[in-house]
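J.: Structure in structure tokens, see below.
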Amino acid sequence: MKNFVAVWFFSMIFWLLFTWSLDLQEVLFGLVLTFLVTVFTHDLWSETKLARVVNPLNWPVVIAYFLVLLWEMIKANVDLAWRTLHPKLPIYPGIVEVEADLPSDEAYTLVANSITLTPGTISVDVDKENKRMFIHWVHVDTEDPKEAAKTIYGFAAPFARRLFS
């Protein structure tokens, strides 16, 4: 029951952040919708490492992750817009292979989604056995796998390790 309430609460917080509205009708709809989603998915959250995310003790880490992700998205948007508006700036698109030594499937998923949410990069493939990820990068700064990993997803890896180790 505790996990159910935590997942419902967490879902409602996301609903409020996504709608950015405290209108009574939207809040009531959000309560009903997040309740229904929680009814069908709370067991998924309870039986996997994802339960760590809804643990109130980890919420500061989750909030910090979202703030860092938001900042990285803003920086990437500005960089991509600058490159688009100034065609003389170099763009060297390519797929780079980066090292990705992450502890679990959930950690790989968090990092891959963080990469894809950041403009200018898209996760193409994950090779867990060899601890590699293949990323399409709009402007390849380096082909060194360690340096590329730090540049592309260095902001997300510590949170993924903390939440899903």
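No lab work stands behind these numbers, since they all come straight from the coordinates. Model, not experiment: these values are computed from the prediction. Please note: Cβ atoms are built from the backbone with ideal geometry, for glycine as well, and neighbour counts cover all protein chains shown.
J.: List the extent of the Cα atoms of the stretch 10-90 along each of their three principal axes, largest first, rounded to whole Å.
T.: Principal axes ranked by extent give 53, 33, 21 Å for the Cα atoms.
J.: Would you please name the trypsin sites (Lys or Arg not before Pro) within the stretch 55-143 that are DSSP coil residues with at most 15 other C-beta atoms within 10 Å of their C-beta?
T.: Here the trypsin sites (Lys or Arg not before Pro) that fit, given the DSSP loop and packing criteria, are Lys88, Lys128, Lys131.
J.: Could I ask something else about it? Given +1 on the Cβ of Lys and Arg, -1 on the Cβ of Asp and Glu, and no further charges, what dipole in debye does the stretch 81-152 carry about its Cα centre, rounded to the nearest 20?
T.: So the magnitude is around 400 debye.
J.: Taking the simple approach of a point 7 Å from Cα along Cα-to-Cβ for both Thr41 and Val27, what is their distance in nm?
T.: Going by the 7 Å Cα→Cβ label model, 2.3 nm.
J.: Cα axis of helix 59-85 to longest principal axis of the chain: angle in degrees, 0 to 90, nearest 10?
T.: It works out to around 40 degrees.
J.: Under a point spin-label approximation (7 Å from Cα along Cα-to-Cβ), what is the Leu85-Arg162 distance to one decimal in nm?
T.: So the two model labels end up 3.3 nm from each other.
J.: Roughly how large, in nm² to one decimal, is the mean projection of the convex hull of the alpha-carbon atoms in the chain?
T.: 11.2 nm²
J.: For Val61, project a label point 7 Å along Cα to C-beta. Then give me every residue of the stretch 107-140 with its amide nitrogen under 16 Å of that point.
T.: The answer is 107-111.
J.: Any chance you could get the radius of gyration and Dmax over the Cα atoms of the stretch 2-47, in Å?
T.: Rg and Dmax of the stretch 2-47, Cα atoms, are 10.7, 34 Å.
J.: Relative contact order for the stretch 2-47: what is it in percent, counting Cα pairs under 8 Å that are at least 6 residues apart?
T.: The value is 55 percent.
J.: Now a separate question. Mind checking the angle between helix 24-47 and the chain's longest principal axis? C-alpha axes, 0 to 90 degrees, to the nearest 10.
T.: Roughly 80 degrees, rounded to the nearest 10.
J.: A follow-up question, please. In vacuum, with every alpha carbon of the stretch 63-103 counted as one equal point scatterer, what does the Debye formula give for log10 I(q)/I(0) at q = 0.28 Å⁻¹? Two decimals, please.
T.: Log-scaled intensity ratios, in q order: -0.93.
J.: Nothing charged except the Cβ atoms of Lys and Arg (+1) and of Asp and Glu (-1): what's the magnitude of the dipole of the chain about its Cα centre? Round to the nearest 20 debye.
T.: 340 debye
J.: Over the stretch 58-164, what is the mean sequence separation of C-alpha contacts under 8 Å (at least six apart), divided by residue count, expressed as relative contact order in percent?
T.: Reported relative contact order: 36 percent.
J.: May I pose another question? Assuming 0.36 nm per residue, please report the length gained on full extension of the stretch Phe18 to Leu117 beyond their Cα-Cα distance.
T.: Full extension from Phe18 to Leu117 adds 34.1 nm.
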